[in-house]
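A.B. asks: Before we start, here is the structure in question, set down as structure tokens.
The values are calculated or read from the model by the stated rules, or taken from the named source; none is laboratory data. Only a predicted model underlies this, so the values are computations on that prediction, with no experimental measurement involved. Cβ sites come from the backbone with ideal geometry, for glycine too, and all protein chains shown count toward neighbours.
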């Protein structure tokens, strides 16, 4: 993530108050990334713990969703978002 900070600092170098504006861009980008990771972690934990040994009516549906949909389509996108390529400076 320090690559983003360095990139923002070098892009806005000629602008008045450039350190504040660069830090503001960095904080905004970082805030949305952290919010996404926290939401994905919560959702992932919620899905993985549902459909366990409970005998309620939604247990089978939750287990089916977890095994057929979540692990094949949603979970790989969550894992890919953790390995984010910051790019070059």
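A.B. asks: Any residue in the range 30-41 that is without any contact (Cβ under 8 Å) to a residue 40 or more places away in the chain sitting within a Cβ distance under 9 Å of a residue that is surrounded by 10 or more Cβ atoms within 10 Å (Cβ to Cβ) and part of a helix (DSSP H, G or I)? List the pairs, counting only those 6 or more apart or interchain.
C.D. replies: Qualifying pairs under 9 Å: 30/4; 30/5; 41/78.
A.B. asks: Where residues in the range 47-60 are surrounded by 11 or more Cβ atoms within 10 Å (Cβ to Cβ) and modelled with pLDDT of 70 or more, which of them is farthest from residue 35 (Cα to Cα)?
C.D. replies: Only one residue tops the list, namely 60.
Residue-by-condition table, conditions (1) surrounded by 11 or more Cβ atoms within 10 Å (Cβ to Cβ); (2) modelled with pLDDT of 85 or more:
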| residue | (1), (2) |
| --- | --- |
| 6 | yes, no |
| 22 | yes, no |
| 27 | yes, yes |
| 42 | no, yes |
| 62 | yes, no |
| 70 | yes, yes |
| 78 | yes, no |
| 83 | no, no |
| 88 | no, no |
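A.B. asks: Could you give every pair whose Cβ atoms fall below 7 Å, whose first residue belongs to the range 1-23 and is in a loop (DSSP other than H, G, I, E, B), and whose second residue is surrounded by 15 or more Cβ atoms within 10 Å (Cβ to Cβ), counting only separations of at least 6 or pairs across chains?
C.D. replies: Correct list of pairs: 12/18; 12/21; 12/22; 15/21.
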